[in-house]
Structure formats: structure tokens, C-alpha cells
Amino acid sequence: MSPPRNPNGFAHNPLDRSAHHRTDPDWIAQRLGDPSSLVVPFWRAMPLIVKLPDGRDTGWLRPSLLPSALAGEATLVFLGVEKDIAYFALDVSDMADPEREGPLAGLGRFEELRAIAPELHRAEASILAQAKSLIDWHARHRFCAQCGARTVLADAGYKRTCSACEAQHFPRTDPVVITLATREGRCLLGRGPKWPDGFFSALAGFVEPGETIEQAAAREIFEETQVRVENVRIFASQPWPYPSSLMIGCFAEAASEAITVDGIEIAEARWFDRASVAAALEGRSDVLRTPPPLAIAHQLLRVWIAEAG
Ligand SMILES: [Zn+2]
């Protein structure tokens, strides 16, 4: 059932993360002084995007363009290396209006990654997903969860250390299971209470402590719809940097059909046949809309349609 390559957005990061360099401050400093290195600024969790003659692209800058920011307290993370070029991300959120003032003025615009991602090369979008999750984690973990004292960035952005109790804190990734349950040529989709009428997706929820991915898939579907599923199979996964989820796409076989929605996480759930879903994926349905290609739910639906031949 699995296609040969992962079809999901944000899943094609080409960088060699070179973790062994993170604990080598001399190497990091040398690369930040190297004019071939590239830094993408983030402002309020949005990457710098530049306009090119043939579209838009990541605003990769030479480190020399950012001297004052690099010398200060701003969060700087090492992303990895490709073709001997080192890539970094820098949080410039302390600047009031970097699009118009300071060294970045006039270079581009800070854009929401989710909005711009479909326009970017999938490798670029994937690198920005890594950068966004890391930058966001630093912004929200300035104080120690153990004692409340200030934490400081370490290991080129892959750790924060408490200045008082020396506890070490690491960037987190939150697993979310998203499952397409099927039964006799139909699939089960739900609509969240704040979603527009007619917009449906596969059912999803966070994996809880002490739970397997398969158990989480079955629990979420039962909680939201009272449908029982079995034979949960993992399809593929996808980094989802809002702020730091890992979407784990699954298929499951439904053992029951009757739907009772919880009314909280899900306002409405229905069984849809392949013809209805195929029309929605192609944007020619008047009654059903489904997530865009960037989302793993879209890919789950595509694989299910293709499976029927
Ligand atoms: Zn502490």
C-alpha cells in the first residue's frame, strides 16, 4: 500500500544535520564567519521570503548581513550542512519592524509558513519546518520547567540549560496520529466544530503517554465517533511545524458503522464513497471539501483512491 517515496509536505529535508558539530563552538563560529554560509531570519515565527523573477523563495542571507543580530542575544540555531554549505536560522523577533528598518529592510517579507509552503520547493519548505519548530521552541522555553530560573541556549540550538539547577531541556516533538478508517469501499471523515460546512478530514489526535500509535488511532476514532477500528497500519509520517507535531498517518479497518459524534472535537462525521472523495480531491465536488496536498490527510485519501485501481 505504501508508495515508494514519502509524498508528504515538510518531509523532504535534504540537510545533513551534522549533530557532532553542535557541541563544537569553534566550528560553529568559523562557519558563521564563512561567507558561503546561509542564515534565514524568522520574525514572530515567520520566515523571510524573497521575490524572484520566477516565484518566491526562502530569504537565505549571508551571515555578514546580520552582524549585530548575530553578536547579540538573539536565538541562532544550526540547521545542517548541504554541499559543504552550513545553514542557520536566526530569530529576529526583538526587532520592531524588520521589513522596513535595520539590515533586513527591503529584502523581503515575513510570511506564514503554512501559506507560503505550497509555493516553495519541497526541500525548502522542509528546512523551514525544522527551523520554525526550533525557533518556536526556544521562544517558549526561556524558563526552567524544574525550578523556574532562566535557561540559556546550548548545543547550537538543540538544548537549553538551566542557569540555576543545570537541568537540560531538549526540543520536543509531539506525535499526532491521523487515521483514515475504511469499511466496504467507504471511508470515515469528520468535521471539526470550527471548520466550514462541507470540509472534512481524517480523524486525528495526540498520542498520549503510555500508548502505542495503533492504540491512539483506535482510541481517537472511538472517542470522536464511537466507531470501532482494527488492523491499524502506519502509512507515513510528516513533520507539521504548528508548532512541533509529527503527524503519523495510518489506515485502519472499521469494525462497526454507526456514528455518534462527541460534539466537542468533532461536530459531524460521515462515511464517504470513493467517487465522492475523488471528486473532492480534484476540486469538483459541490458538497465535500478535503485538505490540500500539503496535508497528510490529502495523501491518505489519494492512496486509498489509488488502491481501488
Ligand atoms: Zn532549573
Quiz prompt | Distance (nanometres) between label positions extended 7 Å along Cα→Cβ at Arg274 and Phe199 | solution = 2.8
Practice problem: Please build a GNM for the chain, connecting alpha carbons under 10 Å apart, and tell me which residue among Glu184, Glu230, Glu73 fluctuates the most. | Solution: Glu184
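Counting Lys and Arg as +1 and Asp and Glu as -1, what is the net charge of the other residues whose Cβ lies under 13 Å from the Cβ of Lys51? Can you show the working numbers first?
Working: positive: Arg56, Arg109; negative: Asp54, Asp57, Glu99, Glu111, Glu119.
That sum, taken over residues with Cβ under 13 Å, equals -3.
Over the chain, calculate the relative contact order: mean separation of alpha carbon pairs under 8 Å at least 6 apart, over the residue count, as a percent.
Values: 618 pairs, mean separation 53.7, N = 309.
Relative contact order comes out at 17 percent.
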Quiz item: Listing Tyr242, Tyr87 from the residue with the fewest other Cβ atoms within 10 Å to the one with the most, what is the order?
Solution: Tyr242, Tyr87
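All other residues with a Cβ under 10 Å from the Cβ of Ile264 taken together, and with Lys, Arg as +1 and Asp, Glu as -1, what is their net charge?
Numbers: positive: none; negative: Glu223, Glu224, Asp262, Glu265.
Once positives and negatives cancel, what remains is -4.
Given the alpha-carbon gyration tensor of the chain, what are the semi-axes of its equivalent ellipsoid in whole angstrom, ordered largest first, with each equal to the square root of 5 times an eigenvalue?
Details: eigenvalues 315, 102, 59 Å².
After diagonalising the Cα gyration tensor, the semi-axes are 40, 23, 17 Å.
Of Asp286, Asp155, Asp174, Asp57, how do they rank once you tally other Cβ atoms within 10 Å and put the fewest first? Show your work: numbers first, answer last.
On the way: Asp286 8, Asp155 19, Asp174 13, Asp57 16.
In increasing order of surrounding Cβ atoms, one gets Asp286, Asp174, Asp57, Asp155.
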Practice problem: For the chain, give the magnitude of the charge dipole about the Cα centre (Cβ charges: +1 Lys/Arg, -1 Asp/Glu; no others), in debye to the nearest 20. | Solution: 260
Practice problem: Treating cross-link reach as a plain straight distance, find the lysines whose alpha-carbon is under 24 Å from the alpha-carbon of Lys159, omitting any fewer than eight places away in the same chain. | Solution: Lys132
Exercise. Compute the distance in nm between two label points, each set 7 Å from the Cα along the Cα-to-Cβ direction, one at Cys165 and one at Arg284.
Key: 6.1
Practice problem: Write down the Kirkwood hydrodynamic radius of segment 216-309, to one decimal in angstroms, obtained as one divided by the mean of 1/r over all alpha carbon pairs. | Solution: 14.6
Quiz prompt | Separation of the Glu119 and His20 label points, Cα + 7 Å toward Cβ, nm | solution = 4.0
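Read the figures in this text as sums done on the coordinates, not as results from a lab. Please read all numbers here as calculations on a predicted model, not as lab measurements. When we count neighbours, we look across all protein chains shown, and the Cβ atoms used for this are built from the backbone with ideal geometry, even at glycine.
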